[in-house]
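Since the structure comes first, as C-alpha cells, the remarks are kept for the end.
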Amino acid sequence: KQFSHYLGHCFNLFSLPNELGLSSEAVIYSEPGRSAGAFAVGDSGTMSAFLNFATDEPPFGAHADLDEQRQRTERMFAGDGWIVPRLIEAMKTADDLYFDTVGQIRMPAWSCGRVGLVGDAAFAPSFLSGQGTSLALVGAYVLAGELASNDEPAEAFASYEGIVRPFAEANQALATKAGGSLLLPRTQQELDARNRTLESIASHRMPQALGDDPRKVHAMLQLPDYSRFGK
C-alpha cells in the first residue's frame, strides 16, 4: 500500500438492463462531488452504470464489505434526481458490482533482481488519465524488446524503465491536472467548466482548458524498433 496514491474519489460499476435504450453512447448526471451515469457498447440489451463520489479519505481498507459500500453509496446519493434512485436500486442487487478507489501506483523502481512489473502493477495511471491501456501496451512492447536485446534480465529491466518511466509519469500527471475535474468535478465551478468543455467538444472545437498538452503527452515517446529481434 506504500505505493498506492489515492486521488480523492471512489466508484461503483455494475450492469443492469438497458432501460434507456442507449446505443454506443453514454449519459451522465452530475452534482458537485458526485456523478452517476450509464453507457452501452453497441446495441446491447445491457448497459453499464456507475456511481462515483468524492471523499477526502478512502472509506475502506483493503477488503471492502459490499453491503457496507452499498449503504454508503446510497447515503451519498440520497435525494439526487434523474434516474439515480433506479441506479441505486440496481446497484443494491447487482451480482457484478465492482467498487474501488481512484488512485495511482507510483514506485521508485519497477524491478528487483529477476522480477519486473509492467502495466498497472508498476505505474497504474487511474482512469482519469484515459491512458491505462496505452501505457500497458507501450510497457509490454518495450519490456519484451529489451528482454530480447539484453543478455541479463536486470539490464533489460533497467533499460525498459529508463525508456518508459518518463512517458508513464507524464501520462499519470494528466490525471492530477485537468483529468480529475473533467471526469469527476468536485465543485460547482469545476462542474460548470466541465460542461463548457463538453459543449466545445460537441462543437468540434478543442477546449481551451485542454489545449494540446494531452496530445503532446500521448505522442511524446518514440517507440524503439525491435524488429531485428523478430522471428
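Among residues belonging to the range 66-104 that are in contact with a helix residue (DSSP H, G or I) (Cβ under 6 Å, 6 or more places away or on another chain) and free of Cβ contacts under 8 Å to residues at least 60 places away in the same chain, point out the one that is surrounded by the most Cβ atoms within 10 Å (Cβ to Cβ). Per the stated criteria, the residue is Phe77.
Using the structure shown, decide if Asp56 is among the charged types (D, E, K, R), open to solvent by 60 Å² or more (accessible area, probe 1.4 Å) and more than 23 Å from Leu182 (Cα to Cα). In short, no.
Quick one: would you say Ala144 is of a type in the set (Gly, Ala, Ser) and under 30 Å from Ala38 (Cβ atoms)?
no
Taking the listed residues Ala202, Ala109, Ala124, Ala158, the one that is crowded, with 18+ Cβ neighbours inside 10 Å and among the hydrophobic types (A, V, I, L, M, F, W, C) is Ala124, with no other qualifying. Does Ser30 satisfy being polar (S, T, N, Q) and open to solvent by less than 40 Å² (accessible area, probe 1.4 Å)? Criteria met by Ser30. If we scan the range 159-178, do we find a residue that is under 24 Å from Ile28 (Cβ atoms) and touching a His at 6+ places or on another chain (Cβ under 6 Å)? No, the range 159-178 has no match at all. Taking the criterion of being free of Cβ contacts under 8 Å to residues at least 40 places away in the same chain and surrounded by fewer than 23 Cβ atoms within 10 Å (Cβ to Cβ), the residues of the range 138-152 that qualify are Ala140, Leu147, Asn150, Asp151, Glu152.
Pairs linking a residue in the range 209-226 that is part of a loop (DSSP other than H, G, I, E, B) and at pLDDT below 90 to a residue that is open to solvent by less than 80 Å² (accessible area, probe 1.4 Å) and not charged (D, E, K, R), with Cβ atoms under 7 Å and 6 or more positions apart or on different chains, are Ala209/Ala178; Ala209/Ala193; Ala209/Thr197; Leu210/Ala178; Leu210/Thr197. Going through (1) of a type outside the set (D, E, K, R); (2) outside any strand (DSSP E or B); (3) buried (at least 19 other Cβ atoms within 10 Å of the Cβ) one by one, His9 falls short only on (2). Residue count for the range 16-33 under the criterion of being at pLDDT below 95 and touching a helix residue (DSSP H, G or I) at 6+ places or on another chain (Cβ under 7 Å): the result is 3. Taking the range 106-148 as the range and being of a type in the set (Val, Ile, Thr) and under 23 Å from Phe229 (Cβ atoms) as the test, the residues that pass are Val115, Val118, Val138, Val142. In the range 39-53, the residues that are assigned to a loop (DSSP other than H, G, I, E, B) form Cβ pairs under 6 Å with partners that are open to solvent by 10 Å² or more (accessible area, probe 1.4 Å), at six or more places apart or across chains, as follows: Gly42/Ser24; Asp43/Ser23; Gly45/Asn18. Kindly establish whether Leu184 is under 30 Å from Gly37 (Cβ atoms), in contact with a helix residue (DSSP H, G or I) (Cβ under 6 Å, 6 or more places away or on another chain), surrounded by 13 or more Cβ atoms within 10 Å (Cβ to Cβ) and at pLDDT below 95. No, not satisfied.
The values are calculated or read from the model by the stated rules, or taken from the named source; none is laboratory data. Here the structure is a predicted model, which is why all the values come from computation and not from measurement. Don't worry about glycine lacking a Cβ; one is built from the backbone with ideal geometry, like all the others, and counts go over all protein chains shown. Ligands, DNA and RNA are stripped out before the accessible areas are found, and what is left, the full protein with its side chains, is counted by its heavy atoms. Shrake-Rupley method; radii C 1.70, N 1.55, O 1.52, S 1.80 Å.
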